[in-house]
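> Okay, here's the structure, questions in a sec.
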Amino acid sequence: MTKTASLPVAEGPYPPSEEALSKPVSEAEQQRGAAEVRAAWKTPQGWRYVTAVNNSEVGKWYALTALAFMLIAGVLALLMRVQLAFPDMTFLDADRFNQFFTMHGSAMMFLFAVPMFEAISILLLPAFLGARDMPFPRLSAYGYWCFLIGGCFVLGSLLFDSGPKAGWFMYPPLATKEEGIGPDVWLLGLSFIEVASIAAAVELIVGALKCRPPGMRVNIMPLYAWYVLVVGGMILFAFPPLIAGDFLFELERSFDWPFFDPTRGGDPILWQHLFWIFGHPEVYIVFLPSIAIAAMIVPTVAQRPIVGYSWIVLSAVGTGFLSFGLWVHHMFTTGLPQISLGFFSAASEAVVIPTGIQIFAFVATLMVGRVKLTLPMLWIAGALAIFVAGGLTGVMLAIVPFNWQVHDTYFIVAHLHYTLFGGMVFPVIAGVYYFYPFMAKKLLSERLGLWAFWLIFSGFNITFLPMHLTGLMGMPRRVFTYPESSGWGWLNLISTLGAFIIAAGFAVFLYDLLRPKKAQGQIPRNPWGAGTLEFSHEVPEEAWGVRSVPHITSRYPLWDQPQLVERMDAGRYYLPDAPEHQRETIVTSVIDAKPVHVQRVTGPAWITILAAIFTGGAFIFPTFHIYTPAIICGAFAIVCIMYWLWTTTARPPKEEMRDAGLGLRLPTYASGPDSVGWWAMWITMLGDATAFASVVFGFFFYWTARSDFPPDGAMHPLGHWVAVAALTGVTAWALTLAAREANIRGRLGLARAALVLAPLAAAVACVAAWVAVRDLDPTSHVYPAILWALMVWLVVHLSVGVLMQGYCLAASVFGKLTPRYDADLRNVTLYWHFMAVKVMVTAAILGLAPGWLS
C-alpha cells in the first residue's frame, strides 16, 4: 500500500524582498482588489445584521452586552448599599438582599469580567495581528448568542423572585439544600455561559498561534497577544474544574446523589476545592488582560518600546502558573493541615514577584520615555495606585493568622474590590478611551473623561477604604442589616455615599460613550502616535480588517517599518484581492509565522443563532426539571452544529493553490497540525481532559478524606463488564485510527468499514459501562454515586465520539472526505486519542480501585 500524494506546500519567494515591496501597484489594480475584498467582507444590512459574524461586530455586541450586565450588577450593589446605609434598615428584606449579593458577585465575575476580556480580545486581536478576522468567526458568534441568552436567563430570575441566594460561590450544604430553582438557575445558566467562555478561549488561542501575519515571530508579537495566550490557557484549565463541580452539584440537586452530603459519605469541602481551583485563577484571568491593555498604552504614552519585553512575557506566564497554586488560601479556615497552610501561604506571597516585575517594567518604560499625560494614561495611573493597595492587603491575607482574623468580614470585601477595580475596571476604561478611535472612528471627550475619572476614583476610595476598618471592627459579609450598638453605622454611611459618587462617574462615562458624535468630523488615523498594527485601521471604517496582510519584522511596525501603512493600503502585501468573493485570511506557522495556507473564513449565517437557542434550551429546561424538551433541544443543537460544520468547514477546494501576492502561492486546504481545526480540537480536548481529571480527583479526594469510602459491605462494579467496556472502547479508538490510515492510502472500502465498526464498538462500550454499575444505588452513598458519575461522563463522551465517526463516514461516502482532503478524520482521530486515555482511566477506577480499597 502507498500513501496518497501529500497536500501541496507554499511556493514562491519568502520573505519578500525590498525590491518586490517597493514595486508600485497600479491604480486600476488597487481599485479592483479593494472592490473584491469589500464585497467579500460586506456586513449584512437591515434585519440580516444580526447574522453578522465579523469580529468587529461580534466584539462590539459582546462588549456592550457585558457592559449592560455590569450596570445591572452595579444597580444591585447600589440597592444593597442603601439597605446598609443605616442600622436596622428595612429597605430590602433578608431574602431579597441574599438574592442581590449572590447575583451581584455572579454577574460581575461570569457576565462581565471574563466576557469583557473575551469581547475586547475578539474585537482587537485581529487588528493587533494584522489579520482579516479570527479563524472561526461563527464560533465567536455562537459564543456571543449563548452568552446573551444565558445572561438574560440568569439575571432575569431576579424579576420572578427566583434568584439564587447562597453567594456567588454556592457553598453546599446551604446551596444544595436551598429550596426553589435558584441554585439550578446558577448552576445550569452559568454552565451554559461557560460554554461560551471556553469557545471564545479556543478561538483566541488558535488566533494568536496561527493567524499572525507573515514574519511576526512569537518573540515580536504584541504583548497583548501573549497575554491572550496566557489567559486563554488559564480559562482552559480553570473553568473545567468548575464545570465538573457543577456536574456533581446538579446531579445531587436533581437526582439526590450525595456528593456533598456528609451523612451519606459526601463532603462539602470537595466543592470548595473545585470552586477555588477555578475561583482564584479567575482573579488573574480578570487581571492579566487589563495588564495587557496597560502594556499597549504605556509604550505609546512614553513614545518608546516597552522596557523588559521578555521579562514581562515570562512574568505573565509565571503569574498564570502560580495562580493555580493559591486556591487553598480561600480555605484557610476549613481545618487544613499545618503543612498545607504553610505551603499555600508562601505560594500566595510568591505571586507578588511576577506581578511586581510587570508593574516595574511599566514604570521603567515611563521613566526612560518622553511621557505625555493623556486620558488613557490617567486611568492607567489610577489603576496602578488602586491595584497596588489591593495587592498589599492580599499579602496580608496570605498570612494565615491574619486571614483567620478577618475571614468573611468586610476587610475581604475591600481587598477584593481594590484588586478588581484596580486590576480590571480602571484598565478597561483606559482601554475604552485608548481604542475608541479604532472601534468607532471617533474620540471621546477629554473634559468628560476627567470628570468621570475623578468621580469614580474618589468615589471608589470613599466607598471601599472605610470597609477595611469596618471589617477589622468585625462586621461580617453578607448580613442584610446590623444593630446600632455595633458602631458600624457611620462607616457604612460613608461607603454608601461613595457608591453613589461612583455611580455618578459611570453615568458621565456612559453619556460620553453613547452620545452621538456626528459633528466631530473625521479623526486622525493614529491619534495617539502608537507603534502597533491596530492603528493602521481604515478611517472611514472598512469591514475587511486590513486591506492587505502585511509582512512584519518589528514589535512596533508603525514606528520601525517606513511605508508599511501606505503599502498595506495599496494592496502591496498578501491577499490584496478576493477573486472568488470569498472571505480569506493567511494561516502561518506557530513559532516563526511563515505562511502555510490560505484559510477560507466563514461568513454571515442564521445557523449560529439557531444553534445557540437550542443549546440554551438544553441547559434551561432542566432548571425546571423538564427533561423531554431539553433532550429535543439538545438534538436540534447537534443537528445545527453538524449542518454548520458540513456546509462550511474542510470542504475540498476548487483550486489547490491561491496566488497570495508578492509571487507567493499558498495551498487552500490544510490537514493535521497545519490546519486551525486540528489546533482547535487539541486545545478543546485539553480543557475537556481537565474537567475529566477533576471528576477523577473527586474519587481520590473521597478515598483520602473519608474513612467510610467505600462503606462496609458496599457493592462494586462488575469487573467483567468493566473489562468489556475497556476493550471495546479501545477497539473503537483503534478502528478510528485504522480508518485514518486506510483513507490516507486510498483504501476507501476498508476505511468506511472501520468507520462502521468503530461506532458499534463504542456503543458496546457504553452499554457495558452502564451494566457494570447498574446494580449500584447512587443515592445510597457517595461511593456508588461517584462511580456512576464517572460512567455517565464516559458514556456521554463516547456518544459524542460516535457522532464524529458517523460524520466522517457520511463525509467519506458523499465526497467531503477523500484520501487527499482528510482534515475531518484527522481531527476526529485526535479526539479519540483522548478518549482512549479516558476509557483506560475510567476502567482502572471502576475495575481496579475496588481491589485497592478492600
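> Just give me the residues in the range 655-682 being free of Cβ contacts under 8 Å to residues at least 40 places away in the same chain and in a loop (DSSP other than H, G, I, E, B), in sequence order. Lay out the reasoning, then the answer.
Step one: filter the range 655-682 for residues free of Cβ contacts under 8 Å to residues at least 40 places away in the same chain, giving 655, 659, 673.
Correct list: E655 only.
> Within the range 255-312, can you find the residues that are closer than 23 Å to A201 by Cα and hydroxyl-bearing (S, T, Y)?
Result: Y284, S290.
> Something else now. Can you name the residue in the range 47-67 that is without any contact (Cβ under 8 Å) to a residue 40 or more places away in the chain and under 28 Å from A131 (Cβ atoms) and, of all such residues, is surrounded by the fewest Cβ atoms within 10 Å (Cβ to Cβ)?
Kept after step one, since they are without any contact (Cβ under 8 Å) to a residue 40 or more places away in the chain, are these residues of the range 47-67: 47, 49, 57, 64.
Going one step further and asking which of them are under 28 Å from A131 (Cβ atoms), we end up with 49, 57, 64.
Values: Y49: 11, E57: 23, L64: 13.
So the residue we want is Y49.
> Within the range 69-78, is even one residue without any contact (Cβ under 8 Å) to a residue 12 or more places away in the chain and farther than 30 Å from R138 by Cβ?
Start the filter on the range 69-78 by keeping residues that are without any contact (Cβ under 8 Å) to a residue 12 or more places away in the chain, which leaves 75.
Of the ones still in play, those that are also farther than 30 Å from R138 by Cβ are 75.
Among the residues of the range 69-78, at least one is without any contact (Cβ under 8 Å) to a residue 12 or more places away in the chain and farther than 30 Å from R138 by Cβ, which makes the answer yes.
> Sort out which residues of the range 93-132 are outside any helix (DSSP H, G or I) and at negative phi, and write them in order of number.
The initial filter retains those residues of the range 93-132 that are outside any helix (DSSP H, G or I), namely 93, 130-132.
Scanning the range 93-132 gives D93, A131, R132.
> I've got another one for you. If A141 satisfies every condition in (1) touching a helix residue (DSSP H, G or I) at 6+ places or on another chain (Cβ under 9 Å); (2) open to solvent by 10 Å² or more (accessible area, probe 1.4 Å); (3) modelled with pLDDT of 90 or more but one, which is the exception?
Looking at each condition in turn, A141 falls short on (2).
> Picking from F701, F636, which residue would you name as being part of a helix (DSSP H, G or I), surrounded by 16 or more Cβ atoms within 10 Å (Cβ to Cβ) and either at pLDDT below 95 or of a type in the set (A, V, I, L, M) (or both)? Give the derivation first.
Numbers: F636 fails: either at pLDDT below 95 or of a type in the set (A, V, I, L, M) (or both).
So the residue among F701, F636 that is part of a helix (DSSP H, G or I), surrounded by 16 or more Cβ atoms within 10 Å (Cβ to Cβ) and either at pLDDT below 95 or of a type in the set (A, V, I, L, M) (or both) is F701.
> What single numbered condition from (1) at pLDDT 90 or above; (2) in contact with an Asp or Glu (Cβ under 7 Å, 6 or more places away or on another chain); (3) under 21 Å from F239 (Cα atoms) fails to hold for T176?
For T176, the failing item is (1).
> Within the range 590-615, count every residue that is in contact with a Pro (Cβ under 8 Å, 6 or more places away or on another chain) and small (G, A, S).
So the answer is 2.
> Being free of Cβ contacts under 8 Å to residues at least 12 places away in the same chain and hydrophobic (A, V, I, L, M, F, W, C) narrows it down to one residue among V782, V796, V773, V802; which is it? Don't jump to the end; show me each part of the working.
Working: V782 fails: free of Cβ contacts under 8 Å to residues at least 12 places away in the same chain; V773 fails: free of Cβ contacts under 8 Å to residues at least 12 places away in the same chain; V802 fails: free of Cβ contacts under 8 Å to residues at least 12 places away in the same chain.
Answer to the selection: V796.
> Okay, moving on. Could you go through the range 458-470 and let me know if any residue there is under 24 Å from A63 (Cα atoms), open to solvent by less than 30 Å² (accessible area, probe 1.4 Å), in contact with a helix residue (DSSP H, G or I) (Cβ under 9 Å, 6 or more places away or on another chain) and in contact (Cβ under 8 Å) with a residue 60 or more places away in the chain.
yes
> Still on this structure, please answer the following. Being under 23 Å from H597 (Cα atoms), open to solvent by less than 30 Å² (accessible area, probe 1.4 Å) and more than 29 Å from the chain's Cα centre (by Cα) is the requirement here; does P16 meet it? Please lay out each step first, then the result.
Numbers: under 23 Å from H597 (Cα atoms): yes; open to solvent by less than 30 Å² (accessible area, probe 1.4 Å): yes; more than 29 Å from the chain's Cα centre (by Cα): yes.
Yes, satisfied.
> For the range 369-376, check the following and say yes or no: at least one residue is in a helix (DSSP H, G or I) and open to solvent by 20 Å² or more (accessible area, probe 1.4 Å). Give the derivation first.
Here is the first cut: in the range 369-376, the residues in a helix (DSSP H, G or I) are 375-376.
Keeping just the survivors that are open to solvent by 20 Å² or more (accessible area, probe 1.4 Å) gives none.
Within the range 369-376, none of the residues are in a helix (DSSP H, G or I) and open to solvent by 20 Å² or more (accessible area, probe 1.4 Å).
> Anything in the range 289-319 that is in contact with a Gly (Cβ under 7 Å, 6 or more places away or on another chain) and under 24 Å from L236 (Cα atoms)? List them, or say none. If you could, list the steps in order and put the result at the bottom.
First, pick out the residues of the range 289-319 that are in contact with a Gly (Cβ under 7 Å, 6 or more places away or on another chain): 290, 293, 299-300, 302-304.
If the condition is that a residue be in contact with a Gly (Cβ under 7 Å, 6 or more places away or on another chain) and under 24 Å from L236 (Cα atoms), then S290, I293 are the ones that fit.
> Still on this structure: Are any of the residues in the range 255-270 touching a residue at least 24 places away in the same chain (Cβ under 8 Å), surrounded by 24 or more Cβ atoms within 10 Å (Cβ to Cβ) and closer than 20 Å to I293 by Cα?
No: the range 255-270 contains no residue that is touching a residue at least 24 places away in the same chain (Cβ under 8 Å), surrounded by 24 or more Cβ atoms within 10 Å (Cβ to Cβ) and closer than 20 Å to I293 by Cα.
Every residue, every condition in (1) closer than 11 Å to F438 by Cα; (2) in a loop (DSSP other than H, G, I, E, B); (3) among the aliphatic types (A, V, I, L, M); (4) open to solvent by 10 Å² or more (accessible area, probe 1.4 Å), yes or no:
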{"residue": "Q522", "(1), (2), (3), (4)": "no, yes, no, yes"}
{"residue": "R525", "(1), (2), (3), (4)": "yes, yes, no, yes"}
{"residue": "A530", "(1), (2), (3), (4)": "no, yes, yes, no"}
{"residue": "P540", "(1), (2), (3), (4)": "yes, yes, no, yes"}
{"residue": "I552", "(1), (2), (3), (4)": "no, yes, yes, no"}
{"residue": "E566", "(1), (2), (3), (4)": "no, no, no, yes"}
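> Condition check: of a type in the set (S, T, N, Q) and in a loop (DSSP other than H, G, I, E, B). Does S799 satisfy that? Quick ask: steps written out before the conclusion?
Values: of a type in the set (S, T, N, Q): yes; in a loop (DSSP other than H, G, I, E, B): no.
No: the conditions fail for S799.
> From the list A578, A611, A570, which residue is open to solvent by 10 Å² or more (accessible area, probe 1.4 Å), touching a residue at least 40 places away in the same chain (Cβ under 8 Å) and of a type in the set (A, V, I, L, M)?
Working: A578 fails: open to solvent by 10 Å² or more (accessible area, probe 1.4 Å); A611 fails: open to solvent by 10 Å² or more (accessible area, probe 1.4 Å).
Unique residue meeting the criteria: A570.
> For T585, indicate whether it is under 24 Å from G207 (Cα atoms), touching a residue at least 60 places away in the same chain (Cβ under 8 Å), surrounded by fewer than 17 Cβ atoms within 10 Å (Cβ to Cβ) and polar (S, T, N, Q).
Numbers: under 24 Å from G207 (Cα atoms): yes; touching a residue at least 60 places away in the same chain (Cβ under 8 Å): yes; surrounded by fewer than 17 Cβ atoms within 10 Å (Cβ to Cβ): no; polar (S, T, N, Q): yes.
No: the conditions fail for T585.
> Let me ask another. For the range 155-165, what are the residues that are out of contact with any Pro (no Cβ under 9 Å at 6 or more places or on another chain) and crowded, with 19+ Cβ neighbours inside 10 Å?
First pass over the range 155-165, keeping only residues out of contact with any Pro (no Cβ under 9 Å at 6 or more places or on another chain): 155-156, 158-163.
L155, L158, G163, listed by residue number.
> A follow-up question, please. Which one of these is among the aliphatic types (A, V, I, L, M), free of Cβ contacts under 8 Å to residues at least 40 places away in the same chain and assigned to a helix (DSSP H, G or I): L188, L204, L159, L155? Can you show your working first?
Values: L188 fails: free of Cβ contacts under 8 Å to residues at least 40 places away in the same chain; L204 fails: free of Cβ contacts under 8 Å to residues at least 40 places away in the same chain; L155 fails: free of Cβ contacts under 8 Å to residues at least 40 places away in the same chain.
Criteria check complete, one pass: L159.
> Could you check, for the range 495-515, whether at least one of its residues is in a loop (DSSP other than H, G, I, E, B), in contact with a Ser or Thr (Cβ under 8 Å, 6 or more places away or on another chain) and open to solvent by less than 20 Å² (accessible area, probe 1.4 Å)? Give the derivation first.
First, the residues of the range 495-515 that are in a loop (DSSP other than H, G, I, E, B): 515.
Still in the list and also in contact with a Ser or Thr (Cβ under 8 Å, 6 or more places away or on another chain): none.
No, because not a single residue in the range 495-515 is in a loop (DSSP other than H, G, I, E, B), in contact with a Ser or Thr (Cβ under 8 Å, 6 or more places away or on another chain) and open to solvent by less than 20 Å² (accessible area, probe 1.4 Å).
> A further question on this structure: Taking L148 as meeting all but one of (1) touching a Lys or Arg at 6+ places or on another chain (Cβ under 8 Å); (2) open to solvent by 40 Å² or more (accessible area, probe 1.4 Å); (3) closer than 19 Å to V195 by Cα, write down the number of the exception.
Of the numbered conditions (1) touching a Lys or Arg at 6+ places or on another chain (Cβ under 8 Å); (2) open to solvent by 40 Å² or more (accessible area, probe 1.4 Å); (3) closer than 19 Å to V195 by Cα, the odd one out for L148 is (1).
> OK, next. Looking at the range 342-362, which of its residues are open to solvent by 30 Å² or more (accessible area, probe 1.4 Å), under 26 Å from the mean Cα position of the chain (by Cα) and farther than 14 Å from H280 by Cβ?
Filtering the range 342-362 for residues open to solvent by 30 Å² or more (accessible area, probe 1.4 Å) gives 342-343, 346, 349-350, 352-353, 357, 360.
Now restrict to residues that are under 26 Å from the mean Cα position of the chain (by Cα): 350, 352-353, 357.
Once the filter is applied, which keeps residues that are open to solvent by 30 Å² or more (accessible area, probe 1.4 Å), under 26 Å from the mean Cα position of the chain (by Cα) and farther than 14 Å from H280 by Cβ, the range 342-362 yields V352, I353, I357.
> For the range 185-214: of the residues being open to solvent by 10 Å² or more (accessible area, probe 1.4 Å) and of a type outside the set (V, I, T), which is farthest from L148 (Cα to Cα)? Steps first, please.
First pass over the range 185-214, keeping only residues open to solvent by 10 Å² or more (accessible area, probe 1.4 Å): 188, 191, 195, 198-199, 205, 209.
Cutting the leftovers down to of a type outside the set (V, I, T) gives us 188, 191, 199, 209.
Numbers: L188: 14, S191: 13, A199: 14, L209: 28 Å.
Here the answer is L209.
> Identify, from the list F110, F101, the residue that is buried (at least 18 other Cβ atoms within 10 Å of the Cβ), of a type in the set (F, W, Y) and under 23 Å from Y482 (Cβ atoms).
Working: F110 fails: under 23 Å from Y482 (Cβ atoms).
One residue alone meets the criteria, F101.
> Further question: Return only the number of the condition from (1) within 30 Å of P437 (Cα to Cα); (2) of a type outside the set (S, T, Y); (3) open to solvent by 50 Å² or more (accessible area, probe 1.4 Å) that I339 does not satisfy.
Result: I339 fails condition (1) only.
> Checking G521 against (1) of a type in the set (G, A, S); (2) at negative phi; (3) free of Cβ contacts under 8 Å to residues at least 12 places away in the same chain, which single condition isn't satisfied?
(2)
The values are calculated or read from the model by the stated rules, or taken from the named source; none is laboratory data. Small disclaimer: the values here were computed from a predicted structure and weren't measured. Every residue, glycine among them, receives a Cβ derived from its backbone with ideal geometry; neighbour counts consider all protein chains shown. In case anyone asks, the SASA skips ligands and DNA or RNA and just uses the protein heavy atoms, side chains included. Shrake-Rupley method; radii C 1.70, N 1.55, O 1.52, S 1.80 Å.
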